[in-house]
1. If I ignore ligands, DNA and RNA and count only protein heavy atoms, how much of C:VAL50 is accessible to a 1.4 Å probe, in Å² to the nearest 10?
2. Give the percent of DSSP beta bridges with both residues in the protein assembly as shown that are antiparallel, rounded to the nearest 5.
3. Cut-off 16 Å, label point 7 angstrom out along Cα-to-Cβ of B:LEU157: give me the residues of the stretch B:199-224 whose amide nitrogen falls inside.
4. Heavy-atom accessible area of A:TRP180 with all protein chains present, probe 1.4 Å, nearest 10 Å²?
5. Using just the alpha carbons, could you tell me how many Å³ per residue the convex hull of the stretch A:224-272 encloses?
6. Going from most exposed to least, what order do D:THR148, D:THR216 have by accessible area with a 1.4 Å probe?
7. Dipole size in debye (nearest 20) for the protein assembly as shown around its Cα centre, Lys and Arg Cβ +1, Asp and Glu Cβ -1?
8. For the stretch D:159-232 and the stretch A:1-69, what is the centre-to-centre distance using only Cα atoms, to the nearest Å?
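The values are calculated or read from the model by the stated rules, or taken from the named source; none is laboratory data. Predicted model, so just to flag it, every value in this text is computed and none were measured. Note that we place each Cβ from the backbone using ideal geometry, even for glycine, and neighbour counts take in every protein chain shown. The accessibility values were calculated without ligands, DNA or RNA, using every heavy atom of the protein model including side chains. Shrake-Rupley method; radii C 1.70, N 1.55, O 1.52, S 1.80 Å.
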4 protein chains.
Amino acid sequence: MISFCQFGAGRIGAIHAANIARHPGARLRTVVDVDVVAAAKLAERHGAAVGEAAAALADPAIHAVVIASSTDTHATLIEAAARAGKAVFCEKPIDLDRGRVEACLAVVKQAGVPLMVGFNRRFDPNFAKLHEQLRAGRIGKLEMVAITSRDPAPPPLAYVKVSGGLFRDMMIHDLDMARWLLGEEPVEVYAAASCLVDPAIGQVGDVDSAAVTLKTASGALCQIANSRRASYGYDQRIEVLGAAGMLQAGNQLKSTLVVAGADGVIGEKPQPFFLERYAEAYRRELDNFISAVTAKTAPATTGTDGLRALMLADACVESVKTGRAVRLSQ
Amino acid sequence: MISFCQFGAGRIGAIHAANIARHPGARLRTVVDVDVVAAAKLAERHGAAVGEAAAALADPAIHAVVIASSTDTHATLIEAAARAGKAVFCEKPIDLDRGRVEACLAVVKQAGVPLMVGFNRRFDPNFAKLHEQLRAGRIGKLEMVAITSRDPAPPPLAYVKVSGGLFRDMMIHDLDMARWLLGEEPVEVYAAASCLVDPAIGQVGDVDSAAVTLKTASGALCQIANSRRASYGYDQRIEVLGAAGMLQAGNQLKSTLVVAGADGVIGEKPQPFFLERYAEAYRRELDNFISAVTAKTAPATTGTDGLRALMLADACVESVKTGRAVRLSQ
Amino acid sequence: MISFCQFGAGRIGAIHAANIARHPGARLRTVVDVDVVAAAKLAERHGAAVGEAAAALADPAIHAVVIASSTDTHATLIEAAARAGKAVFCEKPIDLDRGRVEACLAVVKQAGVPLMVGFNRRFDPNFAKLHEQLRAGRIGKLEMVAITSRDPAPPPLAYVKVSGGLFRDMMIHDLDMARWLLGEEPVEVYAAASCLVDPAIGQVGDVDSAAVTLKTASGALCQIANSRRASYGYDQRIEVLGAAGMLQAGNQLKSTLVVAGADGVIGEKPQPFFLERYAEAYRRELDNFISAVTAKTAPATTGTDGLRALMLADACVESVKTGRAVRLSQ
Amino acid sequence: MISFCQFGAGRIGAIHAANIARHPGARLRTVVDVDVVAAAKLAERHGAAVGEAAAALADPAIHAVVIASSTDTHATLIEAAARAGKAVFCEKPIDLDRGRVEACLAVVKQAGVPLMVGFNRRFDPNFAKLHEQLRAGRIGKLEMVAITSRDPAPPPLAYVKVSGGLFRDMMIHDLDMARWLLGEEPVEVYAAASCLVDPAIGQVGDVDSAAVTLKTASGALCQIANSRRASYGYDQRIEVLGAAGMLQAGNQLKSTLVVAGADGVIGEKPQPFFLERYAEAYRRELDNFISAVTAKTAPATTGTDGLRALMLADACVESVKTGRAVRLSQ
């Protein structure tokens, strides 16, 4: 039985807390949040106590932590938890600054604790099935990947300002998917971007629409399309072309209902956003972490995955500035 | 907080027990089964105790019962629980004999307790959405209904012998769906049936393939197709034609993966059987029962629904024998 | 080079005339219609002459006739053409009266000319592909068939009155499809029908909605659903269940366009009616006739097919009246 | 009635010849090809004569020419036909060299004859419907375009060598689609490319897989994916994201047949290649040209479209070499 302390009692924290609580091999012991009312509410729902960071990390009854607090606290909490010998699950990103991430990973390495970074999409049943079939050779050698990833609507401007920008905040998920699917590191990154959805996003220095091209050492190509707006719901699709065929994983619709009438044949929209679309993915993700901690094996995603995805996002930012493909060492 | 005693610790019993256990407004207190090992295992999983029927029904701490034991025990248990003042959720059917069902319902009526019969498909999110849109007038006045309902493979012959036959065991679900969708009682029932899947089923006097036609007083028509075998999975679809359009609710596929290759464009099969396809329906069904008991309102499906569906199944059996449509009073 | 005389210059006549004209092995020589203006227009379009029935049938340069005039002229024209030694293609039905059909077929038999009856749907590429896969054993032994066939809107009342009724006018196509798919003759026919679309149709003694069940000697079952109205277009679908799988052939949509927006994911409607949906089927049908006449082989559909479909339609009418399944000899 | 001389009696020439022949407002008078046997065969099929270029262009009875000969003859034939006062339809490309194209267009301009360049995909009913809905404002302001375009298999190496390379030979169609959809000129072009399908293609200096990004002055983004191989057929899809929704136009499948069985739910593959997929597009394309010539209006695609698409292809080639986005003036 793995006992958890969770940092962060917000929207994503509530998901992780519930997934800990429902797991037969885990329990939620402590919830920590600067918003003590939120912390108390979440703790009560799952029979946990509200705690304070230092005490929780000093508590030998706690084996693992989930970090779902604000981004600027991640690296410091990871380091503190690692030094306290706790297994660490941290929401992406570790930090928005590559140097800070590298320093943090060095601490984790020295502490010898497992660190899992929350790239939830790898655990989506649709994408996981695609990945499994791809690795099983169903379409032969991989040649081209296309990732379409659109949020239903932009986040609040206050969030945009501290988010690190579209590439480090949103596309980082797709960059991780690309690495996972390609099975090798991209060596060239090109990005084009625009502010098409809301001029206010551009005024704070960010973009809301982006088209990225990745190329690996073996010549495999990957195209990623991001938009902060899709009027029809959360659009999350993957397509992989191989020598012997194509794999596609599409959106999960709200139901299978179809209405045929004078206006056409109308199907349901995709699930509205990540809470619905990735509910099962979040469950499987935490299951993976709990299994890894229990069995003392490596979790499916690591600190290196977090660092590599950030390096790709940084390269995208640079490419937008320079208008040229950025070369990355493998 | 509604405390439950559950009768039956088999496959369907395990589903209901888990759904009680996960519900914030309910808890599983006692599990009763002639197989005491199964009872103990299920009880332990959800922090309940193994009990004995009479004692459990006499226990004032128990407010409600779930009856998921074998069919021949249903009516007796319903009556005993009703007399003990418990709210009753019973898996379909109440009994295979109409007279026995009517006697049982009379006891329930006198006891004044709520009785819900487990027609789980009404709670399937896809069918529920279709029903909601139908009642909301999305396709105007209903004209024709088509229900396709195929099991992946026949049940064991031992089960077939005591099942009451395809119409009372399997199609009864579709007959309930038909009533629910039509919104009025069928007044004419015609059934044609064959033994096409396995001659052994015919040798014990049953059929495995059936085509039924229902007609209501207003002239609405409903066609139902049943087969005990579908090599591609559990096939559960509904189509409704109205004056202004058509509604369809289809199968839930195992994932959204599509593989395009030399052999075609291959999508996933439907969910394999009812445990997977109707997992969410079973949750919502029990939520409905718990809500109804808590709020002292009527549950969504009643003993009368159980009786009416059985009467339609009986009419099907008669129609197969006589080769003519059976007329039913409304 | 097969030279044709065509009877009937209406909507369906125009289709056949164009298909004759475009065929490298055929040419349209004469057009006959009581509406001489329509005849002249159609003749001119394809470089043919307007003619008169007796003279055309006496013309040795004419090898074959297409009969696309009104139903009440079919049998007489077939007989006259057969006696004149012409190969005959006739739109369904031969006649609405079974005795008249039998008399007509006797004349054709004696004359020894080929007679093809226009069951165009067998030549639809989608249905033909399904039939080919079915016969090739793709789903093993056939068990159940479902045919959905809905017109976009009822025909004019004047036509309804002389049409022979829904079963002989509209469902006859589906009854032929059923025979073709089943691969054996139905021995039991049950029909339920209503007037749901337009009360005026009921007032002239017809129905507009029907549900039919067929059963063959081997026990295979077939359900057919007909409606005179489908607000979303011409709805023509087939589904066949076999021991090893299911085959479905669906509607052809107006285009592959999909619009995703706030109201859902909207696909195109099916083709509006038979002229569009079955354009390719009409071409292939006439190709089959021309090939058969050229090669002196039997065409794909015969007078017997026309008779058998009519007998099934007659059985439907009787079943609606009696409320019981009608037995047919094989 | 427009009389045509056609240059080129090969695969694509046969399509155009048949479309001229079937058009009520046109006829094929002369066929010119260095392969006189092919010319004679095609001429005979459509009641035309075999001719010689100079004589045909001097023939006042010829109003228009279709140029479907080898690429290296296009510009010279266009010029000769233009000087002879003929309306010109020419298969893409005008020439593989931009300077040669510009010189040719200058001659056409001076001659004052209409010139249509064969970008057949604009006439595909699916893409045309998408374009129509896009321009009608169905999804609001256009933001991002994705074009997927994959051949079923690479062309012969002999063709690859003289083709001008993937960008000028294959992607030029997609670049034209992009311009047409975007409704404004791209100002930035980035291309990444690899040889993944067949090393022999790389050995002759070409690529077989490419990912291109276009950006317009308004910031709209377009991604194009090309591959010379798709084991499942000719893959031709378009997706457009706008402020208020998304439009998609997909592949036309060989039929609507679906086979459900133990291996999944198997749909048909897309049409095998352009002859099948774009048969209707070729018809509509020539109809557009004939209508334009008849009505003395401009055809839907012009020499400028040919030039602009070539300039984009040239920019792709340069971008692959330099690893940076190429800027184009509008």
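1. Roll a 1.4 Å probe over it and C:VAL50 shows about 70 Å².
2. Counting DSSP beta bridges with both partners in the protein assembly as shown, the antiparallel share is about 60 percent.
3. B:199-208
4. Ignoring ligands and nucleic acids, A:TRP180 comes out at about 40 Å².
5. It comes to 111 Å³ per residue, whole-number rounded.
6. The most accessible residue leads, giving D:THR148, D:THR216.
7. With Lys and Arg at +1 and Asp and Glu at -1, about 0 debye.
8. Answer, in whole Å: 51.
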